[in-house]
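Visitor: A single structure is presented below for examination.
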Amino acid sequence: MPVWSSSLRIGVPALLVASLSPLEKAPAQEAAEAAGDVRLYHLMDAIGLRGEQIRLRVSIRSGDASGGTAAFGWLQFDGPPAEGAGPEQRTARVSSPEWSVEEVRAVVPADAIDLLFGVGVEGTGPIWADDLQLAILKPSGVWRRLAIPNADFESVAQGGRPADWGGIDPGWEARIDRDYPYEGSGALRLERSAGGSGSR
(Lines give C-alpha, C1' and ligand atoms only; values in the text may rest on other atoms or scores of the structure.)
Protein backbone atom coordinates (compact mmCIF):
# COMPACT_ATOMS: atom_id res chain seq x y z
CA MET A 1 0.00 0.00 0.00
CA PRO A 2 1.11 3.62 -0.46
CA VAL A 3 2.78 5.27 2.52
CA TRP A 4 0.83 8.47 3.08
CA SER A 5 3.28 11.24 3.83
CA SER A 6 1.19 14.30 4.61
CA SER A 7 -2.30 15.75 4.84
CA LEU A 8 -2.87 19.04 3.04
CA ARG A 9 -5.61 21.65 3.31
CA ILE A 10 -5.61 23.95 0.32
CA GLY A 11 -9.08 25.44 0.12
CA VAL A 12 -10.58 22.14 -1.10
CA PRO A 13 -11.24 18.96 0.91
CA ALA A 14 -8.18 17.52 2.64
CA LEU A 15 -5.80 15.83 0.21
CA LEU A 16 -3.24 13.15 0.81
CA VAL A 17 0.03 12.88 -1.05
CA ALA A 18 1.72 9.49 -1.21
CA SER A 19 4.90 8.00 -2.56
CA LEU A 20 4.69 4.47 -3.86
CA SER A 21 7.49 2.09 -3.05
CA PRO A 22 9.69 1.07 -6.01
CA LEU A 23 7.90 -2.30 -6.08
CA GLU A 24 4.34 -0.96 -6.01
CA LYS A 25 2.84 0.26 -9.27
CA ALA A 26 -0.35 2.21 -9.84
CA PRO A 27 -2.17 1.37 -13.11
CA ALA A 28 -0.99 4.58 -14.76
CA GLN A 29 2.62 3.81 -13.87
CA GLU A 30 2.35 0.32 -15.31
CA ALA A 31 0.99 1.76 -18.55
CA ALA A 32 3.83 4.27 -18.70
CA GLU A 33 6.46 1.58 -18.25
CA ALA A 34 4.85 -0.48 -21.02
CA ALA A 35 5.34 2.54 -23.29
CA GLY A 36 9.09 2.37 -22.68
CA ASP A 37 9.79 5.36 -20.43
CA VAL A 38 10.96 5.58 -16.81
CA ARG A 39 9.43 7.89 -14.23
CA LEU A 40 9.77 9.27 -10.75
CA TYR A 41 6.39 10.19 -9.29
CA HIS A 42 3.99 11.18 -6.54
CA LEU A 43 0.45 9.87 -6.15
CA MET A 44 -2.32 12.24 -5.00
CA ASP A 45 -5.98 11.65 -4.15
CA ALA A 46 -7.83 13.44 -6.98
CA ILE A 47 -11.40 13.17 -5.68
CA GLY A 48 -11.27 16.56 -3.97
CA LEU A 49 -9.89 18.15 -7.14
CA ARG A 50 -12.53 16.93 -9.60
CA GLY A 51 -13.44 19.67 -12.07
CA GLU A 52 -10.46 21.84 -11.12
CA GLN A 53 -7.94 23.07 -13.67
CA ILE A 54 -4.44 22.07 -12.57
CA ARG A 55 -0.98 22.99 -13.81
CA LEU A 56 2.25 21.02 -13.54
CA ARG A 57 5.40 23.10 -14.00
CA VAL A 58 8.95 21.76 -13.75
CA SER A 59 12.49 22.82 -14.64
CA ILE A 60 14.26 20.11 -16.66
CA ARG A 61 17.39 19.50 -18.73
CA SER A 62 19.23 16.61 -20.38
CA GLY A 63 22.83 15.45 -20.63
CA ASP A 64 22.40 14.42 -24.28
CA ALA A 65 21.97 17.32 -26.70
CA SER A 66 21.73 14.90 -29.65
CA GLY A 67 18.11 14.14 -28.76
CA GLY A 68 18.69 10.51 -27.79
CA THR A 69 17.77 11.30 -24.19
CA ALA A 70 15.03 13.71 -23.16
CA ALA A 71 13.43 14.90 -19.94
CA PHE A 72 9.75 15.66 -19.49
CA GLY A 73 7.19 16.40 -16.81
CA TRP A 74 3.94 14.45 -16.85
CA LEU A 75 0.61 13.90 -15.16
CA GLN A 76 -2.06 11.23 -15.48
CA PHE A 77 -5.38 10.36 -13.85
CA ASP A 78 -6.51 6.96 -12.64
CA GLY A 79 -10.26 6.42 -12.71
CA PRO A 80 -12.55 3.64 -11.47
CA PRO A 81 -11.01 0.14 -11.65
CA ALA A 82 -13.19 -0.80 -14.63
CA GLU A 83 -11.83 2.14 -16.62
CA GLY A 84 -8.20 2.22 -15.50
CA ALA A 85 -5.69 4.94 -16.35
CA GLY A 86 -6.56 7.87 -18.56
CA PRO A 87 -4.24 9.31 -21.22
CA GLU A 88 -0.94 10.70 -20.03
CA GLN A 89 -0.31 14.40 -20.53
CA ARG A 90 3.25 15.69 -20.87
CA THR A 91 5.21 18.88 -21.00
CA ALA A 92 7.45 19.47 -24.00
CA ARG A 93 10.44 17.09 -24.04
CA VAL A 94 13.80 18.76 -23.39
CA SER A 95 17.08 17.48 -24.86
CA SER A 96 19.23 20.49 -23.97
CA PRO A 97 21.90 20.76 -21.26
CA GLU A 98 20.42 24.14 -20.30
CA TRP A 99 17.52 24.44 -17.88
CA SER A 100 14.09 24.88 -19.45
CA VAL A 101 10.87 25.57 -17.51
CA GLU A 102 8.03 23.53 -19.02
CA GLU A 103 4.39 23.07 -18.05
CA VAL A 104 1.25 21.10 -18.84
CA ARG A 105 -2.34 21.89 -17.86
CA ALA A 106 -5.39 19.68 -17.47
CA VAL A 107 -8.90 19.64 -16.04
CA VAL A 108 -9.38 16.91 -13.43
CA PRO A 109 -12.00 14.46 -14.78
CA ALA A 110 -15.29 14.07 -12.93
CA ASP A 111 -14.53 10.39 -12.18
CA ALA A 112 -10.83 10.76 -11.30
CA ILE A 113 -9.66 8.87 -8.23
CA ASP A 114 -5.88 9.34 -8.26
CA LEU A 115 -3.52 11.84 -9.83
CA LEU A 116 0.01 10.71 -10.65
CA PHE A 117 2.60 13.30 -11.60
CA GLY A 118 6.32 13.71 -11.76
CA VAL A 119 9.37 13.56 -14.02
CA GLY A 120 10.24 11.12 -16.80
CA VAL A 121 13.16 10.21 -19.05
CA GLU A 122 13.23 8.96 -22.62
CA GLY A 123 16.45 7.08 -23.36
CA THR A 124 19.09 6.16 -20.80
CA GLY A 125 19.74 9.56 -19.23
CA PRO A 126 21.02 11.40 -17.47
CA ILE A 127 18.33 14.00 -17.08
CA TRP A 128 17.88 16.56 -14.33
CA ALA A 129 14.76 18.11 -12.79
CA ASP A 130 14.18 20.78 -10.19
CA ASP A 131 11.50 23.04 -8.70
CA LEU A 132 8.44 20.93 -9.57
CA GLN A 133 5.19 22.80 -8.95
CA LEU A 134 1.59 21.63 -8.95
CA ALA A 135 -1.09 24.34 -8.78
CA ILE A 136 -4.85 24.77 -9.13
CA LEU A 137 -6.56 27.72 -10.80
CA LYS A 138 -8.68 29.66 -8.33
CA PRO A 139 -11.87 31.53 -9.37
CA SER A 140 -9.90 34.79 -9.05
CA GLY A 141 -7.66 33.65 -11.90
CA VAL A 142 -4.65 33.12 -9.62
CA TRP A 143 -2.75 29.82 -9.59
CA ARG A 144 -2.44 28.42 -6.07
CA ARG A 145 0.44 26.04 -5.48
CA LEU A 146 -0.12 22.80 -3.61
CA ALA A 147 2.39 21.70 -1.01
CA ILE A 148 4.20 18.70 -2.51
CA PRO A 149 6.79 16.87 -0.38
CA ASN A 150 10.34 17.42 -1.64
CA ALA A 151 9.21 19.09 -4.86
CA ASP A 152 12.48 21.05 -4.86
CA PHE A 153 14.58 17.85 -4.61
CA GLU A 154 16.56 19.06 -1.62
CA SER A 155 15.83 16.20 0.82
CA VAL A 156 17.80 12.97 0.53
CA ALA A 157 16.66 9.52 1.67
CA GLN A 158 18.82 6.51 2.47
CA GLY A 159 21.14 5.60 -0.38
CA GLY A 160 21.15 9.13 -1.78
CA ARG A 161 17.80 8.86 -3.58
CA PRO A 162 15.33 11.75 -3.31
CA ALA A 163 13.09 11.49 -0.26
CA ASP A 164 9.30 11.16 -0.66
CA TRP A 165 9.37 10.04 -4.33
CA GLY A 166 8.52 6.61 -5.74
CA GLY A 167 8.67 4.66 -8.95
CA ILE A 168 12.32 3.88 -9.71
CA ASP A 169 12.90 0.47 -11.26
CA PRO A 170 15.91 -1.83 -10.75
CA GLY A 171 18.65 -0.82 -13.15
CA TRP A 172 17.93 2.88 -12.74
CA GLU A 173 19.36 5.44 -10.34
CA ALA A 174 17.73 8.57 -8.95
CA ARG A 175 19.80 10.80 -6.70
CA ILE A 176 20.21 14.39 -5.57
CA ASP A 177 22.88 16.20 -7.59
CA ARG A 178 24.46 19.27 -5.99
CA ASP A 179 26.12 20.50 -9.21
CA TYR A 180 24.25 23.13 -11.25
CA PRO A 181 20.74 23.01 -9.74
CA TYR A 182 18.06 25.26 -11.21
CA GLU A 183 17.61 26.79 -7.78
CA GLY A 184 18.48 25.90 -4.20
CA SER A 185 21.30 23.47 -3.52
CA GLY A 186 20.16 20.29 -5.27
CA ALA A 187 18.33 18.81 -8.25
CA LEU A 188 17.12 15.37 -9.26
CA ARG A 189 19.45 13.33 -11.48
CA LEU A 190 17.85 10.30 -13.15
CA GLU A 191 19.73 7.79 -15.32
CA ARG A 192 20.34 4.13 -16.03
CA SER A 193 22.73 2.79 -13.40
CA ALA A 194 26.05 1.25 -14.34
CA GLY A 195 25.35 -2.32 -15.42
CA GLY A 196 21.61 -1.61 -15.77
CA SER A 197 19.89 -4.26 -17.82
CA GLY A 198 18.66 -3.59 -21.36
CA SER A 199 17.17 -0.42 -22.78
CA ARG A 200 13.56 0.53 -22.46
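The values are calculated or read from the model by the stated rules, or taken from the named source; none is laboratory data. Every value quoted in this text rests on a predicted model; they were computed, and no experiment measured them. A quick note on method: Cβ atoms are made from the backbone with ideal geometry, for glycine too, and the neighbour counts reach across all protein chains shown.
Visitor: Under 14 Å from the mean Cα position of the chain (by Cα), assigned to a strand (DSSP E or B) and within 14 Å of Leu40 (Cβ to Cβ), is that true of Asp130?
Guide: Yes, satisfied.
Visitor: I'm told Ile148 meets every condition in (1) assigned to a loop (DSSP other than H, G, I, E, B); (2) surrounded by fewer than 15 Cβ atoms within 10 Å (Cβ to Cβ) except one. Can you identify the failing condition by its number?
Guide: Failing condition for Ile148: (2).
Visitor: Okay, moving on. Does any residue of region 30-44 turn out to be assigned to a loop (DSSP other than H, G, I, E, B) and at pLDDT 75 or above?
Guide: There is at least one residue in region 30-44 that is assigned to a loop (DSSP other than H, G, I, E, B) and at pLDDT 75 or above.
Visitor: Here are some conditions: (1) within 24 Å of Gly184 (Cβ to Cβ); (2) assigned to a loop (DSSP other than H, G, I, E, B); (3) modelled with pLDDT under 95. Ala92 meets all but one. Which one does it not meet?
Guide: The failed condition is (3).
Visitor: If Arg145 satisfies every condition in (1) at pLDDT 95 or above; (2) farther than 16 Å from His42 by Cα; (3) not β-branched (Val, Ile, Thr) but one, which is the exception?
Guide: Status for Arg145: all satisfied but (2).
Visitor: Can you pull out every residue in region 107-124 that is touching a strand residue (DSSP E or B) at 6+ places or on another chain (Cβ under 8 Å) and closer than 18 Å to Asp45 by Cα?
Guide: Answer for region 107-124, where residues must be touching a strand residue (DSSP E or B) at 6+ places or on another chain (Cβ under 8 Å) and closer than 18 Å to Asp45 by Cα: Val107, Val108, Pro109, Ala112, Ile113, Asp114, Leu115, Leu116, Phe117, Gly118.
Visitor: Within region 100-145, take every residue that is acidic (Asp, Glu) and touching a Phe, Trp or Tyr at 6+ places or on another chain (Cβ under 6 Å) and give me the one that is surrounded by the fewest Cβ atoms within 10 Å (Cβ to Cβ).
Guide: Let us first name the residues in region 100-145 that are acidic (Asp, Glu), namely 102-103, 111, 114, 122, 130-131.
Applying the additional criterion that residues be touching a Phe, Trp or Tyr at 6+ places or on another chain (Cβ under 6 Å) yields 130-131.
On the way: Asp130: 24, Asp131: 18.
Restricting to residues being acidic (Asp, Glu) and touching a Phe, Trp or Tyr at 6+ places or on another chain (Cβ under 6 Å), the top hit is Asp131.
Visitor: Can you find a residue that is farther than 26 Å from Glu183 by Cβ, outside any loop (DSSP other than H, G, I, E, B) and in contact (Cβ under 8 Å) with a residue 24 or more places away in the chain anywhere in region 101-110? If you could, list the steps in order and put the result at the bottom.
Guide: Residues of region 101-110 that are farther than 26 Å from Glu183 by Cβ, as a first pass: 107-110.
Now drop any that are not outside any loop (DSSP other than H, G, I, E, B), which leaves 107.
Next cut, in contact (Cβ under 8 Å) with a residue 24 or more places away in the chain only: 107.
Within region 101-110 (the criterion being farther than 26 Å from Glu183 by Cβ, outside any loop (DSSP other than H, G, I, E, B) and in contact (Cβ under 8 Å) with a residue 24 or more places away in the chain), the answer is yes, since at least one residue qualifies.
Visitor: Looking only at region 173-191, which residues are in a loop (DSSP other than H, G, I, E, B) and surrounded by 15 or more Cβ atoms within 10 Å (Cβ to Cβ)? Spell out the reasoning first.
Guide: Residues of region 173-191 that are in a loop (DSSP other than H, G, I, E, B), as a first pass: 178-186.
Those that are in a loop (DSSP other than H, G, I, E, B) and surrounded by 15 or more Cβ atoms within 10 Å (Cβ to Cβ): Pro181, Tyr182, Gly186.
Visitor: Can you spot a residue in region 113-122 that is without any contact (Cβ under 8 Å) to a residue 60 or more places away in the chain and not aliphatic (A, V, I, L, M)? Break it down into steps so the answer makes sense when it comes.
Guide: First, the residues of region 113-122 that are without any contact (Cβ under 8 Å) to a residue 60 or more places away in the chain: none.
Scanning region 113-122 turns up no residue that is without any contact (Cβ under 8 Å) to a residue 60 or more places away in the chain and not aliphatic (A, V, I, L, M).
Visitor: Go through the residues of region 39-51 one by one and say whether even a single one is within 18 Å of Ala187 (Cβ to Cβ) and touching a helix residue (DSSP H, G or I) at 6+ places or on another chain (Cβ under 7 Å).
Guide: Checked region 39-51: at least one residue is within 18 Å of Ala187 (Cβ to Cβ) and touching a helix residue (DSSP H, G or I) at 6+ places or on another chain (Cβ under 7 Å).
Visitor: Within 21 Å of Phe77 (Cα to Cα), part of a loop (DSSP other than H, G, I, E, B) and over 13 Å from the mean Cα position of the chain (by Cα), is that true of Pro170?
Guide: Here the answer is no, as Pro170 does not meet what is asked.
Visitor: Identify the residue in region 70-99 that is more than 19 Å from His42 (Cβ to Cβ) and hydroxyl-bearing (Ser, Thr, Tyr) and, among all such residues, is surrounded by the fewest Cβ atoms within 10 Å (Cβ to Cβ).
Guide: Taking the candidates together, the pick is Ser96.
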